[in-house]
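**Student:** Here it is: the structure, laid out below.
The values are calculated or read from the model by the stated rules, or taken from the named source; none is laboratory data. Here the structure is a predicted model, which means the values were calculated and not measured. Every residue, glycine among them, receives a Cβ derived from its backbone with ideal geometry; neighbour counts consider all protein chains shown. What goes into the accessible areas is simple: the full protein's heavy atoms, side chains included, and nothing from ligands, DNA or RNA. Shrake-Rupley method; radii C 1.70, N 1.55, O 1.52, S 1.80 Å.
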Amino acid sequence: LFRRANEIDPDHWKSLFNMVIIAGLNMHDFETAEAALARMEAIPDAREQIPQLRHALDQARAEHLN
């Protein structure tokens, strides 16, 4: 549903945010999460969310590798 929401409105950063959470933190699909995060970086309204989200994604990756 998040992908569909983003197809309808590519600037809907909340759907991308949720893709990072679900794909990266819950499913360990870091490729999908990184792609969504990269797309968020291009949306001005989403930029303040990125540092905290980046930290959470990096932490999930590190924990998954250990």
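**Student:** Using a 1.4 Å probe and counting only protein heavy atoms, arrange E41, E48, E34, E7 so the residue with the most accessible area comes first.
**Tutor:** Greatest to least solvent exposure: E48, E7, E41, E34.
**Student:** Still on this structure, I have one more. Using a simple charge model, +1 on the beta-carbon of Lys and Arg, -1 on the beta-carbon of Asp and Glu, nothing else, what dipole does the chain show about its Cα centre, in debye to the nearest 20?
**Tutor:** In debye, rounded to 20, the chain gives about 80.
**Student:** Same structure, new question: How high is the relative contact order of the chain, in percent, with contacts defined as C-alpha pairs under 8 Å that are six or more residues apart?
**Tutor:** 29 percent
**Student:** Among L16, P51, M27, whose Cα projects farthest towards the positive end of the dipole of region 6-66, with charges put on the beta-carbon of Lys, Arg (+1) and Asp, Glu (-1)?
**Tutor:** Working it through, the farthest residue towards the positive pole turns out to be P51.
**Student:** How much area per residue is accessible in the chain when the probe is 1.4 Å and only protein heavy atoms are counted (Å²)?
**Tutor:** That works out to 68 Å² per residue.
**Student:** Then there's this: Against the longest alpha carbon principal axis of the chain, how many degrees, from 0 to 90 and to the nearest 10, is the axis of helix 50-65 turned?
**Tutor:** Between the helix axis and the principal axis of the chain, the angle is about 40 degrees.
**Student:** Using a simple spin-label model with points 7 Å from Cα along the Cα→Cβ vector, what separation in nm is obtained for A62 and R47?
**Tutor:** 2.6 nm
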